[in-house]
Amino acid sequence: MSHPVVVLGCGPAGLAAAWAAVQSGREAVIVSNTDRPSRLYGCQYLHAPVPGFEHIRSTFVSYDLIGTPEQYRRKVYGDKWEGRVSPEDFVGAHEAWDIRMTYRKMWTHLIELGTVGLYSGVQIENGVIPDLVYQLDPGRIISTIPAPALCHRDHKFSYHKIYANGSIAEQTLEDDSVTCDGTDGHAWYRVSRVFGYETIEWASMPKVAVPVACVLKPLETECDCYPEIYRVGRYGAWRKSYLVHEVYPEVTELLK
């Protein structure tokens, strides 16, 4: 008898991990601090479909850059990051899949239909794992919650703060398009509108009359607390450019 795969977190990455476990023939349970779907803000989309949900609506996104990738890297990250940035990977037209619709479908298949168990109201923070997680006798623990929650030592978590608003009223932008700007021509560094959802992003607090949210963009970490827990997703692994669609194949391979 195989032991269940325990997934920490019920956001899109968490459900993609649980779905991969189920599709691999494993029992899965999700441990979360909530029993409701996460709210997704602003312009987000999948760069590839989650297997099993390939027929979710898709579109082609025009991804444009004003200036050079190096200018963009310095405008957004300053000296914090020497690695690749999105305009180096995505400039041009590429297909995009609706992450919100995919997430709703996965929630229905997994949570509402009872395909996986959901243990809600479980707080994981300050490096303390509740006894419940181990009482489930997991065959594998997979975490998608923000990695600092698992850290019980003084490890470094590199990140960059950006500021965002779900409106691009000051900029004319076509549907299903993203414009990045590494120059001084605009205070923002990226404006986007895909599937009708918009976002404008700044690298520092903007002087605008609209409310903005501060968002932490994970870069990298040295944390190796709980080596038995496998971390996936951008916030779970605390790794820049880790996309949601990459969770499913990684978990599938892991469970082999």
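Of Lys105/Lys217; Lys75/Lys240; Lys75/Lys217; Lys156/Lys217; Lys161/Lys240; Lys75/Lys161, which sit over 24 Å apart, Cα to Cα? Each step should come with its number before you reach the end.
Numbers: Lys105/Lys217 27 Å; Lys75/Lys240 17 Å; Lys75/Lys217 15 Å; Lys156/Lys217 14 Å; Lys161/Lys240 13 Å; Lys75/Lys161 13 Å.
Too far apart for the 24 Å limit: Lys105/Lys217.
Suppose every K and R has +1 on its Cβ and every D and E has -1 on its Cβ; what is the size of the dipole of the chain about the Cα centre, in Debye to the nearest 20? Write down the numbers at each step before the final one.
Numbers: 25 positive and 31 negative charges, 67 e Å.
Using only the charged Cβ atoms, the result is roughly 320 debye.
Report, in whole Å, the centroid distance computed from the Cα atoms of the range 35-83 and the range 112-190.
The range 35-83 and the range 112-190 have Cα centres separated by 14 Å.
Using the Cα gyration tensor of the range 130-169, with a ≥ b ≥ c the square roots of its eigenvalues, what is the shape: rounded (a/c below 1.5), prolate (a/b larger than b/c) or oblate (neither)?
Working: a/c = 4.13, a/b = 1.97, b/c = 2.10.
In terms of gyration-tensor shape, oblate.
With each run of n ≥ 4 DSSP H residues scored as -39500 (n - 2.57), what mean residue ellipticity at 222 nm is computed for the chain after dividing by its residue count and rounding to the nearest 500 deg cm²/dmol? The partial results should precede the final answer.
Details: 7 runs with 52 residues, N = 256.
Per the formula, -5000 deg cm²/dmol.
Kindly put Met106, Met205 in sequence by how many other C-beta atoms sit within 10 Å of each C-beta, fewest to most.
Numbers: Met106 22, Met205 10.
Fewest-to-most ranking of Met106, Met205: Met205, Met106.
For the range 1-147, what does the relative contact order come out to in percent, with C-alpha contacts under 8 Å and a separation of six or more?
On the way: 207 pairs, mean separation 61.1, N = 147.
In percent, rounded to a whole number, it is 42.
Below 8 Å between Cα atoms, with a sequence gap of 6+, how large is the relative contact order for the range 70-181 in percent?
Working: 37 pairs, mean separation 28.2, N = 112.
This gives 25 percent for the range 70-181.
Under the definition of Cα pairs under 8 Å and six or more residues apart, what whole-number percent is the relative contact order of the chain? All intermediate terms of the calculation are to be shown ahead of the outcome.
On the way: 530 pairs, mean separation 70.4, N = 256.
It rounds to 27 percent for the chain.
Rank Leu132, Val61, Ile111 by how far each Cα sits towards the positive end of the charge dipole of the chain (+1 on Lys, Arg Cβ; -1 on Asp, Glu Cβ) and give me just the farthest.
Leu132
Using the Cα centre of the chain as origin and beta-carbon charges of +1 (Lys, Arg) and -1 (Asp, Glu), tell me which of Trp19, Gly9, Gln71 is placed farthest towards the positive end of the dipole.
Toward the positive end, the furthest listed residue is Gly9.
With a 10 Å radius around each residue's Cβ, average the other Cβ atoms per peptide and rank 110-120, 186-196, 142-152, highest first.
Details: 110-120: 15.3, 186-196: 19.9, 142-152: 22.3.
Answer by packing, highest mean first, reads 142-152, 186-196, 110-120.
About the Cα centre of the range 18-163, what is the dipole size in debye to 20, counting +1 per Lys and Arg Cβ and -1 per Asp and Glu Cβ, all else neutral?
Values: 16 positive and 16 negative charges, 58 e Å.
My answer is approximately 280 debye.
On a 0 to 90° scale, report how tilted helix 12-23 is relative to the longest principal axis of the chain, with both axes built from alpha carbons and the result rounded to the nearest 10.
Once rounded, one gets 40 degrees.
Treating the Cα atoms of the chain as identical point scatterers in vacuum, please give the log10 of the normalised Debye intensity I(q)/I(0) at q = 0.07, 0.12, 0.13, 0.14 Å⁻¹, two decimals.
-0.26, -0.76, -0.88, -1.01
Charges at C-beta only: +1 for Lys and Arg, -1 for Asp and Glu. How large is the resulting dipole of the range 129-242 about its Cα centre, in Debye rounded to 20? Can you show the working numbers first?
Numbers: 12 positive and 15 negative charges, 50 e Å.
For this selection, approximately 240 debye.
Read-outs throughout are calculated quantities, based only on the coordinates presented, and are distinct from any laboratory measurement. Values in this document were obtained by computation on a predicted structure and should not be read as measured data. Neighbour counts run over all protein chains shown; Cβ positions are idealised from the backbone, glycine included.
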